[in-house]
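Following: one structure in structure tokens, then a few remarks.
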Amino acid sequence: MRLRTDSADPTPGQGSTASTDGGGADGALDDADDQDGAAGDPPSAFDRSDDALARACLTAVANAGDPVMGALLDEHGAAAVWEALAAGRPPSAPPGVRTAAYEQRAARWAERAARVDPDSLLAESAELGCRLLVPGDPGWPTQLDDLHLHRPYALWVRGAHDLRHACLRSVAVVGARAASAYGRHVAADLAWGLAQRSWTVVSGGAYGIDSAAHRGGLAAGAPSVAVLACGLDLVYPRGNENLFADIAARGALVSEHPRGAVPSRHGFLIRNRIIAALTPGAVVVEAGLRSGALNTARHAHELNRTVMAVPGPVTSALSAGCHRLIRDSGATCVTSADDVMEQVGRIGTDLAPAPGSALDPDTLDPESRRVLAEVPRRGGTGTAAVAAACGLDLDSALSRLGLLAAAGFVERGPSGWRTRADRPARRPALSGR
């Protein structure tokens, strides 16, 4: 079964626009004269274990990034919201939402929910090699929580790499689809330089700048992350089929849309907030004055990420958007990977790497030694794998790995954490100890 609906009632990503659900992502939360909505509050029969299934279903019901759905999830939890919609009894409107607009929106959600088969949704996605990530999972990139009510309900992921780990050191590289040879060259060169420093490139998988950036990063051996505006069973654009296969083999394809959802203009624009949120900074390589890349830059600015732009010929319309970002929006002018590192790199890690370490492994506390023992000398491993092996929570493992990296024992490579080849040898134990 393909999760499709008729053209009169599109699922998210199937021609939906910001106005489809009474105002879309922006401006949907308004002062309400009456906060009573559709019929009743949601029941709570589902257990917390059903949260992931509920969130998977909601990706097929509500438009991506809808702040009204985000408010409902915060208030009631995903399982209760989904159960109410599946039963045809939408929960009441959250505070601050106009009742009339909400009732229309909720009725559409309930109608779509009636056509979703949860078992088929998960089974068919698994057949495609897709996995589901939801907030709270070890692999969930917690920086997405900065989106608050616009946070994805869940992410569908296909690929060999741990998404959270891949995005710990990442930069968004975006720009025009109809890019010039200059723009494609700069994007590929920037991405290659970042990948050489074990930074992941995050982009949108489109023609032009996006494709050049993905290919540049992959050519240097680093993972790449493509955030798509359609279901992961579709290849869009079709000409990037081989590129997407390479990204899946060595990085991750990501979408907040379920299997079968087709791309739309609104889907591309709302997708850009995820690209911006996943990374500490975004580089716009080429962009016209009306470019989706500028939308990504706006999201990055609103999320307090670093916004950077590459200058181009003053005669080129494809660089006009970059020049406006630099002139009017305070974007930093960058021309190389070194420039990008100055903006998003960590002092002592990216800006001033030190050979080896002055610390002796014997001086480490027992917990740090356990973490160090789980980091391989070749290849790499993810933070979640280290945490599971050591019996630690994810934040504790990440903190220990950060301290070990600062001390020169480990480093991040293209495939994950690995021990440094030049780290000091373990001091021989004294006789009699």
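The values are calculated or read from the model by the stated rules, or taken from the named source; none is laboratory data. Owing to the predicted nature of the structure, the values given are computational and were not obtained by experimental measurement. A quick note on method: Cβ atoms are made from the backbone with ideal geometry, for glycine too, and the neighbour counts reach across all protein chains shown. In case anyone asks, the SASA skips ligands and DNA or RNA and just uses the protein heavy atoms, side chains included. Shrake-Rupley method; radii C 1.70, N 1.55, O 1.52, S 1.80 Å.
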Near the amide H of residue 420, under 5 Å away, which other amide H atoms are found, from residues 5 or more places off or on another chain, if H is placed in the peptide plane? 410, 411
Using a 1.4 Å probe over the heavy atoms of the protein chains, calculate the carbon and sulfur portion of the accessible area of segment 142-244 as a whole percent. 51 percent
HN-Hα J in Hz across segment 104-116 - Karplus 6.51, -1.76, 1.60, θ = phi - 60°, x for Gly and Pro: 5, 5, 5, 5, 5, 4, 5, 5, 5, 4, 5, 9, 8
For segment 166-276, dividing by residue count, accessible area per residue (probe 1.4 Å) in Å² works out to 29 Å²
Quick check on packing: order 167-176, 133-142 by the mean number of other C-beta atoms within 10 Å, highest mean leading. 167-176, 133-142
Please say if segment 243-298 is rounded, prolate or oblate, where rounded means a/c under 1.5 for a ≥ b ≥ c the square roots of the C-alpha gyration tensor eigenvalues, and otherwise the choice is prolate for a/b larger than b/c and oblate otherwise? oblate
Amide proton proximity set for residue 332, modelled H, under 5 Å, gap of 5+: 307, 308, 309
Mean Cβ-within-10 Å packing, highest first, puts peptides 302-311, 277-286, 202-211, 219-228 in the order 277-286, 202-211, 219-228, 302-311
³J(HN,Hα) across segment 372-378 via Karplus (A = 6.51, B = -1.76, C = 1.60, θ = phi - 60°), whole Hz, x for Gly/Pro? 4, 5, 8, 8, x, 7, 10
With the calculation restricted to Cα positions, what are the radius of gyration and Dmax of segment 195-307 in angstrom? 13.3, 37
Relative contact order as a percentage, segment 202-311, C-alpha pairs under 8 Å and 6+ apart, gives 24 percent
Residue by residue through segment 184-201, which ³J(HN,Hα) values in whole Hz follow from phi under the Karplus form 6.51 cos²θ - 1.76 cosθ + 1.60 (θ = phi - 60°), with glycine and proline marked x? 5, 5, 5, 4, 5, 5, 4, 4, 4, x, 5, 5, 4, 9, 6, 9, 8, 8
Relative contact order for segment 70-225: what is it in percent, counting Cα pairs under 8 Å that are at least 6 residues apart? 16 percent
Around residue 281, which amide H atoms from residues at least 5 apart in sequence, or from another chain, sit under 5 Å from its own amide H, with H modelled in the peptide plane? 172, 306
